[in-house]
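Following: one structure in structure tokens, then a few remarks.
Taken together, the values in this text are just the output of simple stated rules run on the coordinates, not laboratory data. Treat the numbers as computed from the prediction; the structure is a model and nothing was measured. No Cβ is skipped: glycine too gets one built from the backbone with ideal geometry, and neighbour counts run over all protein chains shown.
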Amino acid sequence: MRTGRLLFALFLATLLIPYGSVATQAAAMEIEGSSSMEVRLFPNARTYRGQQRSVISPSLTLEPEFVYELDTGNDRFTLIPFARLDTHDDRRSHLDLREANWLHLAETWDLRVGLGKVFWGVTESRHLVDIINQTDAVENTDGEDKLGQPMITYNLETDWGSFSGFVLPGFRERTFADDDARLRGPRPVQQDDATYDSSAEAKHIDFALRWAQTIGDVDMGLSHFHGTSREPRAVPATRADGTAVFVPHYDQIDQTGIDAQLTQGAWLWKLESIVRTGHGERFAAAVAGLEYTFYQVSGGISDVGVIAEYQYDGRDAGAPATLSNNDVFFGVRWTANDTNDTSALAGALIDRITQETAISIEAERRLNDNWKAEIEGRWTENVPTNGSFAGITHDDHMIIRLSRFF
């Protein structure tokens with residue numbers, strides 16, 4: 001009951017948050033952001049004893065954005081806190097700073113210092129080269145939500161492309177569902193007892209470099225990362241009470257990646273590929289595919305994009321487990337091109353050997369200038385007893401989200 005009151009109070013508070021900008025002679029403050037009311041629906045019975053029985057699991061989020069810019073336009077301070085209160089998963093109720101940084105802009109270069117988010121990649125079904133930020137795994141199962149990463153970033157624009165250097169002084173551990181939560185997996189994760197290759201543990205300083213350039217119709221990037229892997233290995237362990245658990249272990253790795261996208265009319269040809277050392281034997285992984293868009297379908301204004309991608313991963317047992325070692329992805333993207341920005345994306349990831357399948361659907365529509373409705377669905381099919389999704393096969397779920405932007 002107390003958690004419910006806190007959730008309701010947080011949501012009501014967001015309705016009172018002002019938005020817009022506040023200007024002075026020397027600077028301007030912009031206040032934006034969003035809040036959301038979300039419900040996760042689990043139609044199937046729980047898999048493991050001790051998990052929550054609830055079919056309906058509500059939560060609320062708040063993510064304001066404060067941007068303070070000096071009148072010269074060369075210096076900008078950004079603060080984006082994030083908060084979620086969840087009724088059933090204590091670990092999903094959490095606070096984070098997605099961004100808290102200072103940005104200085106010069107004519108051909110810029111410098112950013114503080115907590116930030118960086119995204120690399122072009123493919124739809126898996127983002128292999130995206131390695132700077134840690135995944136906030138309690139937020140969603142699609143891996144799109146990221147924790148803020150401490151960083152010092154220098155970007156230089158030249159005729160030969162954009163060069164970026166990253167110093168990453170501090171590591172963020174991955175978040176996992178609580179012991180009694182849905183989507184927990186076959187064993188609880190003892191995330192507070194994580195172990196590391198480096199004696200500096202979470203204080204290890206990581207480094208990354210990236211070059212990006214557009215050559216004709218091709219947008220491409222080359223990157224290299226040295227430091228603590230964002231993917232933990234799940235090490236089996238046993239608690240004092242006999243409960244079997246997994247303990248995350250974070251290795252030191254080197255990863256070199258390439259991402260490229262070729263645009264030819266309605267065709268998009270996409271590639272992400274990496275080579276990584278530090279997780280067992282050196283291995284390569286790649287995602288390659290295409291997207292073709294049919295414009296103004298049936299004489300209307302909507303567009304339909306068809307997506308096909310293949311996933312390969314050559315890692316051995318010394319690396320963190322992956323769901324995408326020999327899979328194909330098929331998807332359809334529909335964009336209404338209306339004033340409400342209505343769109344939908346449906347996709348299926350299929351194991352080529354076992355036919356194990358993960359299906360996802362996402363749709364969204366703006367209700368007015370401040371409100372947006374979203375719906376997501378995640379479920380599995382043809383899951384064998386030893387399949388990649390065997391631990392969560394009963395955790396098919398739907399998410400309904402109502403967001404207010406301010």
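Miscellaneous remarks
- Relative contact order [Cα under 8 Å, 6+ residues apart], the chain, whole percent: 12 percent
- Among the trypsin sites (Lys or Arg not before Pro) within the stretch 94-138, those in coil by DSSP and having at most 16 neighbouring Cβ atoms inside 10 Å are K117.
- A straight chain from L95 to F119 at 0.36 nm per residue would run longer than the Cα-Cα distance by 6.5 nm.
- Exposure proxy ranking for K372, K270, K203, based on other Cβ atoms within 10 angstrom of each Cβ and starting from the fewest, stands as K203, K372, K270.
- Within the stretch 98-179, chymotrypsin sites (Phe, Trp or Tyr not before Pro) in DSSP loop having at most 15 other beta-carbon neighbours inside 10 Å: F119, W160
- Centroid-to-centroid separation of the stretch 265-282 and the stretch 54-71 [C-alpha atoms, Å]: 32 Å
- Taking Cα Rg over 2.2 N^0.38 Å as calculated from this structure, the corresponding entry among [x] 1.02; [y] 1.11; [z] 1.31 is [x].
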